[in-house]
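First up is the structure itself, then whatever we jot down about it.
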Amino acid sequence: MGLLALGTPLVWDEAKKRADQVRQLGIQQLLEIWNSYRGNERDILLWGDEIEYLVISYDDENKNATLSLRQAEILDALAADEKLRKAGGGVPEINGTTVEFVPSPYECYLVIGLNGMLTVYRKSDPLPTFHPEFGRFMLEATPGAPFSLSWKDLLSVEPNMKLRRTIAKKHMAPHETPITLPAFPRMGRDIFTTPHYPATGSKSRSQFIPDECINPHIRFPTLAANIRSRRGSKVAINMPVFYDVNTPRPFLDPTIDYDRHLFPEDDDVRNGAAKEGHVYMDAMGFGMGSCCLQITFQAKNIGEARRLYDQLCPLGPIMLALSANTPILKGFLVDTDVRWNVISGAVDDRTEEERGLKPLKNNRWKIPKSRYDSVSTYLADDPRLRDEYNDLDLVIDEDIKKRLIDNGMDERLSTHFAHLFIRDPIVIFQETLDEPAEGKADHFENLQSTNWQHMRFKPPPPGGNIGWRVEFRSMEIQLTDFENAAFAIFTVLLTRVILSYDLNLYIPISKVDDNMTRAHIRNAVLDQKFWFRKNLFPPPRMGSRAGSARTSPASTRPVTPIAVEEEYGLFTIDEIMNGTKDRECEFIGLIPLIESYLDTVNVDVITRCELAGYLQLISKRASGELKTGASWIRDFVGNHPEYNKDSQVGDRVNYDLMKMVERLGSEGIAGDGKEQELLGRRG
Amino acid sequence: MASIQCILNTGNIMTAASEVLRSPPKSSTELITSLRSHIRSSPPSPPPSPSLSSTTKSPLYIPLPPTPEPLAEERSEYDVTVKLFHLSSAPTASHETHTRDAVKRVLENLGIETIDLLILSLPGINFDADDFANEDSTEDVEAWLATYQTLEELHQDGVISRLGISEFGTTRLEKLLPRTTIKPSVNQINVRDCCVVPKPLILFAKQEGIELLTHNDCTDILPQETLQNVLVDEFALLGEERKVMPQWVAKYTAVIRSRGVVENKGYIAMAEIH
């Protein structure tokens, strides 16, 4: 979440009238940034992750686990921690961002990794920072300073994540704990928060989630209310239930109250908002209360950022399936493994006209996707990007595109932003409209950061020395920091491989959409095949002399390209990660490519050993030798004596699961060696 | 019959990954595969000197004389590492000439004047995780030293910033170190499973300020027979009566330090044809 401005938010009817003004100011700010920073060169690789936590509150006497709504108090405690703040950590949103870096007064932290590796945090290492999130039961933590590519930094990722967990836990009440799980299993079910509030709030108007679950900062309730108002109904999220042997058929979500008459939106369910065979959810909190693992990279210049954006794009759905960790929603086992579509539905502010349910009258376009969805257009300035790859019927604001082009921006980048800017700003603070827009990015960010696509192309913030960045957003948060570090480091190394070997991962973007759908299916990681490019490598050197392939006329001469449909095929994730065997289409696999990269650069033995452990986790998840979090949790529920094979995950099962997840997160142990099915055998 | 010097090069194999990385990488095959690929992708060269006459002093280039591939960005952005393999068929007496020649060729190829790290690979020295075997006391420290001293000179001349050795266990290190003027700052070892690096070596290296780096090069990077086959298959070069004797291999990498991007990686090798 971006920085939280304070002010007077406009209700939707007012905001609607100012939407165009905000868009125009946003474009003005974008152009300003683009003109100032387009010439940036040679920015170094810096990267960082974001870890989001759910705060669990235990009632050990009654064996119940609920979400704690004490985010504000916990953040206050973190912000009030002088030591943390002085060490560069703390809560920027409360402390302000001008914390001057001073060495940590904490003597030093000893952090023992899951593998027994001991890391000593030196006094000078900046401590993590914590941020508020949409859910009042969530915390976000980022490293105190971005990581570089130095081996020392890569090896500090996992200890840093553990440190964040430790610090967060330290500022909670004894019965509270931070866990890393994308969605609370009993979110929106009976009594699921501490303290408990009835679900009667006027912001969400949800049957299931009280408004008190939303971060009380005025931005968040306004966001929820304005999305609902703009849409003209509550959001409607339907995820297919997992039919177990005792699950009633047909399955009609038994938790829905069809007789509530509190808000006009209570009609939604009477008008068929809930689908048979599905778990029905009706509020932003179901989605925006989910936790993700997001990685942001700084590129050397705008060109490299655009290239990485495109090349990582096809990996989004693959990494989503590989990191699957969301098998339970609203107390039901579901037939999907990931959170993505829940969030997508939770912030879908499109009107009926925009969704194509009614003919266009008041709206400008029919829009195929939610604001939170997969990327719809590639944007690199790359000769390998064939027009055929951008094969979605892209909705753009032609006027905005023209304005960008008239100001010198190229076709593809203009198209990208003209696509993002078809949306309305949801939350507008009155005060920001009265201030000069120059030198800031607030209006631009208003649109940019409420387009939650699976990649985000991030221009530099004005005035700073931060470069062009790309954010990889599809991955699910993992139960342990070992896994989170593994996924983060895998992604970072993969970007280096893409750049070093000049890989080409382009497939038509409609196939990325298709992969996104496939990634949702239960056990997609092993059971589904995904569209993937057959040959990632640059064309072989043809009669050109040594190494001049990059520049020689011979290699730039257009060769007759093969048909786009010939360029890609269906692969298992195992094949994509570990390579193909016995196939006419030979592919070495992404993990062996990373190994080959590591054999090329100078790596010390300790680092290599640690990295091997991370790569092995990814490799074995892909091959099925290790379980994803989703399938591990399914098995846990399935084997629980109180589970009745009816898809229902009750309080006691949930309590035991939360205890187990906590133990996994803090100690890497699940008892009876059960953790090995998830993490493998660790040194 | 006098011998002919034959200079082989692979070009930048990062841009030829489609050929080199078809199957899971084993660097035992990387040099050979990339050499074959480079030969095949090069335009037909003039027929190898008719009778391979040794009248001319200039070496025979395979596939062709390397075209320099200057680094794209400023020199200071890069870490340039060279690993120089002196092969078993090269006499120790030639090491000095070979070292200087190899270094010169890499510098020319990358259009640079200095190497950040040069790692020396000596024939017959293989790392053993047990750290005891294979290191008999009769080994010729003098021979290592003679070769190593050329590196020290190049260091003193400012051509090589840091020196490295490879496959040295503790016993060998203990023998070599006291005799060096410029201590190696790197020891590169091939460990399949990195977690079995012997503790004494880790401790000793730490104490001596030597970085232990990993590699995945095979012991015999350019076997005589394999090279002979390549030259026959790809170049129709050698007759029965000719024999090829590989002398040295220089593997070079140029990595953009702050971004971890490998811009150039390749091999230059020298063989004598007798």
Can you name the residue in region B:122-144 that is within 21 Å of B:Phe85 (Cα to Cα) and acidic (Asp, Glu) and, of all such residues, is modelled with the lowest pLDDT? B:Glu135
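Considering only residues of region A:139-181 that are under 23 Å from A:Arg496 (Cβ atoms) and touching a Leu at 6+ places or on another chain (Cβ under 8 Å), which is nearest to the other protein chains (Cβ to nearest Cβ)? Even if it seems obvious, please write down each step before you answer.
Step one: of region A:139-181, the residues under 23 Å from A:Arg496 (Cβ atoms) are A:142-143, A:145-161.
Imposing the further condition that a residue be touching a Leu at 6+ places or on another chain (Cβ under 8 Å) reduces the set to A:146-149, A:154, A:158.
Working: A:Pro146: 13, A:Phe147: 12, A:Ser148: 7, A:Leu149: 4, A:Leu154: 10, A:Glu158: 16 Å.
Ranking the qualifying residues of region A:139-181, first place goes to A:Leu149.
A quick yes/no check of all residues on (1) aliphatic (A, V, I, L, M); (2) crowded, with 16+ Cβ neighbours inside 10 Å; (3) out of contact with any helix residue (DSSP H, G or I) (no Cβ under 8 Å at 6 or more places or on another chain); (4) under 22 Å from A:Phe192 (Cβ atoms):
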site: A:Thr247; (1), (2), (3), (4): no, yes, yes, yes
site: A:Pro254; (1), (2), (3), (4): no, no, yes, yes
site: A:Leu262; (1), (2), (3), (4): yes, no, yes, yes
site: A:Met288; (1), (2), (3), (4): yes, yes, no, yes
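From the list A:Asp282, A:Asp253, A:Asp259, A:Asp266, exactly one residue is over 30 Å from A:Gln453 (Cβ atoms) and within 32 Å of the chain's Cα centre (by Cα). Which is it?
Values: A:Asp282 fails: over 30 Å from A:Gln453 (Cβ atoms); A:Asp253 fails: over 30 Å from A:Gln453 (Cβ atoms); A:Asp259 fails: within 32 Å of the chain's Cα centre (by Cα).
After ruling out the rest, the residue left standing is A:Asp266.
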In the set A:Lys361, A:Lys369, which member is within 20 Å of A:Arg228 (Cβ to Cβ) and either in a loop (DSSP other than H, G, I, E, B) or touching a residue at least 40 places away in the same chain (Cβ under 8 Å) (or both)? A:Lys369
Taking region A:420-439 and keeping residues in contact with a helix residue (DSSP H, G or I) (Cβ under 6 Å, 6 or more places away or on another chain) and more than 21 Å from A:Pro368 (Cβ to Cβ) leaves A:Val427, A:Ile428, A:Thr432, A:Ala437
List, please: which pairs have Cβ atoms under 6 Å, are six or more places apart or on different chains, and start with a residue in region B:62-91 that is more than 9 Å from chain A (Cβ to nearest Cβ) and touching a residue at least 40 places away in the same chain (Cβ under 8 Å) and end with one that is crowded, with 16+ Cβ neighbours inside 10 Å and basic (Lys, Arg)? B:Lys83/B:Lys251
Return a yes/no flag: does region A:262-281 have any residue that is closer than 22 Å to A:Leu333 by Cβ and polar (S, T, N, Q). no
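With the condition kept exactly as written, say whether any residue in region A:295-318 is within 30 Å of A:Tyr655 (Cα to Cα) and at pLDDT 95 or above.
Taking region A:295-318 as the starting set, the residues that turn out to be within 30 Å of A:Tyr655 (Cα to Cα) are none.
Within region A:295-318, not a single residue is within 30 Å of A:Tyr655 (Cα to Cα) and at pLDDT 95 or above.
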What about A:Leu114, is it of a type in the set (A, V, I, L, M), modelled with pLDDT under 70, touching a Leu at 6+ places or on another chain (Cβ under 9 Å) and surrounded by fewer than 21 Cβ atoms within 10 Å (Cβ to Cβ)? no
Would you mention how many residues in region A:639-655 are without any contact (Cβ under 8 Å) to a residue 40 or more places away in the chain and outside any loop (DSSP other than H, G, I, E, B)? 1
Which of (1) at pLDDT 95 or above; (2) surrounded by fewer than 18 Cβ atoms within 10 Å (Cβ to Cβ); (3) assigned to a loop (DSSP other than H, G, I, E, B) does A:Ile405 not meet, given it meets every other one? (3)
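Does A:Arg164 satisfy being buried (at least 18 other Cβ atoms within 10 Å of the Cβ) and either without any contact (Cβ under 8 Å) to a residue 24 or more places away in the chain or touching a Pro at 6+ places or on another chain (Cβ under 6 Å) (or both)? Can you show your working first?
Details: buried (at least 18 other Cβ atoms within 10 Å of the Cβ): yes; either without any contact (Cβ under 8 Å) to a residue 24 or more places away in the chain or touching a Pro at 6+ places or on another chain (Cβ under 6 Å) (or both): yes.
When the stated conditions are applied, A:Arg164 passes them.
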Which condition number in (1) modelled with pLDDT of 85 or more; (2) among the aliphatic types (A, V, I, L, M); (3) assigned to a loop (DSSP other than H, G, I, E, B) is the one that B:Leu35 fails? (3)
(1) buried (at least 21 other Cβ atoms within 10 Å of the Cβ); (2) assigned to a loop (DSSP other than H, G, I, E, B); (3) modelled with pLDDT of 95 or more: which one isn't true of A:Gly467, the others all being true? (3)
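Picking from B:Ile189, B:Ile268, B:Ile210, B:Ile273, which residue would you name as being more than 27 Å from A:Ser148 (Cα to Cα), crowded, with 19+ Cβ neighbours inside 10 Å, touching a helix residue (DSSP H, G or I) at 6+ places or on another chain (Cβ under 9 Å) and within 11 Å of chain A (Cβ to nearest Cβ)? Give the derivation first.
Values: B:Ile189 fails: more than 27 Å from A:Ser148 (Cα to Cα); B:Ile210 fails: more than 27 Å from A:Ser148 (Cα to Cα); B:Ile273 fails: within 11 Å of chain A (Cβ to nearest Cβ).
The match here is B:Ile268.
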Out of all the residues in region A:47-78, which are within 30 Å of A:Pro460 (Cα to Cα), touching a residue at least 40 places away in the same chain (Cβ under 8 Å) and in contact with a helix residue (DSSP H, G or I) (Cβ under 8 Å, 6 or more places away or on another chain)? A:Trp47, A:Asp49, A:Ile51, A:Tyr53, A:Leu75, A:Leu78
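Being part of a helix (DSSP H, G or I) and in contact with an Asp or Glu (Cβ under 7 Å, 6 or more places away or on another chain) narrows it down to one of B:Leu201, B:Leu227, B:Leu176, B:Leu212, so name that one. Please lay out each step first, then the result.
Numbers: B:Leu227 fails: in contact with an Asp or Glu (Cβ under 7 Å, 6 or more places away or on another chain); B:Leu176 fails: in contact with an Asp or Glu (Cβ under 7 Å, 6 or more places away or on another chain); B:Leu212 fails: part of a helix (DSSP H, G or I).
Selected residue: B:Leu201, the only one of B:Leu201, B:Leu227, B:Leu176, B:Leu212 that is part of a helix (DSSP H, G or I) and in contact with an Asp or Glu (Cβ under 7 Å, 6 or more places away or on another chain).
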Residues of region A:434-464 satisfying the condition of being outside any helix (DSSP H, G or I), buried (at least 20 other Cβ atoms within 10 Å of the Cβ) and over 21 Å from the mean Cα position of the chain (by Cα): A:Ala441
Name the single residue, out of those in region A:146-159 being touching a residue at least 40 places away in the same chain (Cβ under 8 Å) and part of a helix (DSSP H, G or I), that is surrounded by the fewest Cβ atoms within 10 Å (Cβ to Cβ). A:Trp151
Checking B:Glu263 against (1) at negative phi; (2) more than 10 Å from every other protein chain (Cβ to nearest Cβ); (3) under 19 Å from the mean Cα position of the chain (by Cα), which single condition isn't satisfied? (2)
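For (1) closer than 21 Å to A:Arg165 by Cα; (2) of a type in the set (D, E, K, R); (3) surrounded by fewer than 16 Cβ atoms within 10 Å (Cβ to Cβ), each residue gets a yes or a no:
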| residue | (1), (2), (3) |
| --- | --- |
| A:Arg634 | no, yes, no |
| A:His640 | no, no, no |
| A:Val649 | no, no, no |
| A:Tyr655 | yes, no, no |
| A:Gly668 | yes, no, no |
| A:Glu675 | yes, yes, no |
| A:Gly680 | no, no, no |
Can you find even one residue in region A:607-618 that is under 30 Å from B:Pro198 (Cβ atoms), in contact with a strand residue (DSSP E or B) (Cβ under 8 Å, 6 or more places away or on another chain) and within 14 Å of chain B (Cβ to nearest Cβ)? yes
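Can you work out which of the residues in region B:240-260 that are over 19 Å from B:Thr67 (Cα atoms) and among the β-branched types (Val, Ile, Thr) is nearest to the other protein chains (Cβ to nearest Cβ)? Steps first, answer last, please.
Step one: of region B:240-260, the residues over 19 Å from B:Thr67 (Cα atoms) are B:240-248, B:255-260.
In the following step, the residues that additionally are among the β-branched types (Val, Ile, Thr) were identified as B:244, B:255-256.
Details: B:Val244: 21, B:Val255: 5, B:Ile256: 8 Å.
Applying the filter and picking the extreme gives B:Val255.
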Identify all residues within region A:224-245 that are farther than 15 Å from A:Gln648 by Cβ and either of a type in the set (D, E, K, R) or surrounded by fewer than 23 Cβ atoms within 10 Å (Cβ to Cβ) (or both); write none if there are none. A:Arg228, A:Ser229, A:Arg230, A:Arg231, A:Gly232, A:Ser233, A:Lys234, A:Ala236, A:Asn238, A:Pro240
Given the conditions (1) farther than 30 Å from A:Ala488 by Cα; (2) assigned to a loop (DSSP other than H, G, I, E, B), which single one is not true for A:Asp43? (1)
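The values are calculated or read from the model by the stated rules, or taken from the named source; none is laboratory data. Just so we're clear, the structure is a prediction, and the values are computed from it rather than from any experiment. Cβ sites come from the backbone with ideal geometry, for glycine too, and all protein chains shown count toward neighbours.
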